[in-house]
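The values are calculated or read from the model by the stated rules, or taken from the named source; none is laboratory data. Small disclaimer: the values here were computed from a predicted structure and weren't measured. So basically every Cβ, Gly included, is an ideal-geometry build from the backbone, and we count neighbours across all protein chains shown. The protein model used for the area step is the full one, side chains on, heavy atoms only, and it has no ligands, DNA or RNA in it. Shrake-Rupley method; radii C 1.70, N 1.55, O 1.52, S 1.80 Å.
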Amino acid sequence: MPRQRKANGVAAMKPRGLPLGSVEVITGSMFSGKTEELIRRVKRARFAKQTVQAFKPRIDDRYDAEKIVSHAAAEEGSSKVLSAVAVANSESLAARVLEETQVVAVDEAQFFDRGIVDVVQRLADQGVRVIVAGLDQDYLGRPFHPMPELMAIAEDVTKVHAVCTVCGGEASRSQRLIEDRGTVLVGGSESYEARCRTCFEARDVTRSR
Ligand code: ADP
Ligand code: MG
Ligand code: ZN
């Protein structure tokens, strides 16, 4: 028989039947199909009649302020687009998650503040399946926080790869093509391309000035 919550409110054990929360991370370079994979998982959850909410940071307005859009969308149409709520920070995301939500999807998680780690952890503890997608490295190949922390607390981490635009190999890095200061430069193929370890050049253009 499943154990009941103690009278003083302290749970002796999670009662059976409580939804099992978890954290999944999808990560890799730009154009590696992180967003495609996130959308695929969300669609499967919806087929399973689960309640899903999708979020993205407000900073990422490349295609649409209220949609998660894969780079493949232009080629393949609307199946690569997902409606999402754009939020300013992790606190705002947490405040928008509804009681009945079973799956929370977050794209471009590297643009969130560190508070996202606690928010994700808390949601999973409450039984929510949290699927997080984001860049593992910045334009210099450095770990892109808070992705390392999210990977650490995740039950499952998937690294996806793009095709290196130079040699055709497996790309794991995002080469910035234009000079710009700062880690955050939101852009697409006009500003970045996917490169493998060998073809990637970690250039800090801010230092050469
Ligand atoms: P991410 O979210 O990781 O940036 P997307 O899901 O938005 O990736 O886009 C993946 C799609 O990008 C691929 O299916 C393909 O259509 C397109 N693409 C463009 N350049 C490349 C590349 N160099 N390697 C792989 N896919 C690429
Ligand atoms: Mg993406
Ligand atoms: Zn290469």
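Could you identify the single residue in ALA124, ALA152 that is at negative phi and surrounded by 15 or more Cβ atoms within 10 Å (Cβ to Cβ)?
ALA124
Please go through (1) in contact (Cβ under 8 Å) with a residue 24 or more places away in the chain; (2) outside any strand (DSSP E or B) for THR158 and return the number of the only condition it doesn't satisfy.
Unmet for THR158, out of (1) in contact (Cβ under 8 Å) with a residue 24 or more places away in the chain; (2) outside any strand (DSSP E or B): (2).
Which one is farthest from ligand 1 (Cβ to nearest atom) among residues in region 175-195 that are hydroxyl-bearing (Ser, Thr, Tyr) and touching a Leu at 6+ places or on another chain (Cβ under 7 Å)?
Filtering first and then ranking leaves SER191.
At least 3 residues that are at pLDDT 85 or above, surrounded by 13 or more Cβ atoms within 10 Å (Cβ to Cβ) and out of contact with any Phe, Trp or Tyr (no Cβ under 8 Å at 6 or more places or on another chain) in each: list the strands (runs of 3 or more DSSP E) lying fully within region 47-87 that qualify.
Once the strands (runs of 3 or more DSSP E) in region 47-87 are filtered for at least 3 residues that are at pLDDT 85 or above, surrounded by 13 or more Cβ atoms within 10 Å (Cβ to Cβ) and out of contact with any Phe, Trp or Tyr (no Cβ under 8 Å at 6 or more places or on another chain), what remains is 52-57.
If ILE178 satisfies all but one of (1) out of contact with any Phe, Trp or Tyr (no Cβ under 8 Å at 6 or more places or on another chain); (2) touching a residue at least 24 places away in the same chain (Cβ under 8 Å), what's the number of the condition it fails?
Evaluating ILE178 over (1) out of contact with any Phe, Trp or Tyr (no Cβ under 8 Å at 6 or more places or on another chain); (2) touching a residue at least 24 places away in the same chain (Cβ under 8 Å) leaves (2) as the failure.
Among (1) open to solvent by 30 Å² or more (accessible area, probe 1.4 Å); (2) closer than 14 Å to VAL25 by Cα, which single condition is SER189 missing?
SER189 satisfies every listed condition except (2).
Enumerate the pairs (first residue in region 195-209 and farther than 12 Å from SER174 by Cβ and open to solvent by 40 Å² or more (accessible area, probe 1.4 Å); second residue anywhere and in a strand (DSSP E or B) and at pLDDT 95 or above) with beta-carbon separation below 8 Å, excluding pairs fewer than 6 apart on the same chain, so at least 6 apart or on different chains.
Final answer for the pair search is ARG197/ARG173.
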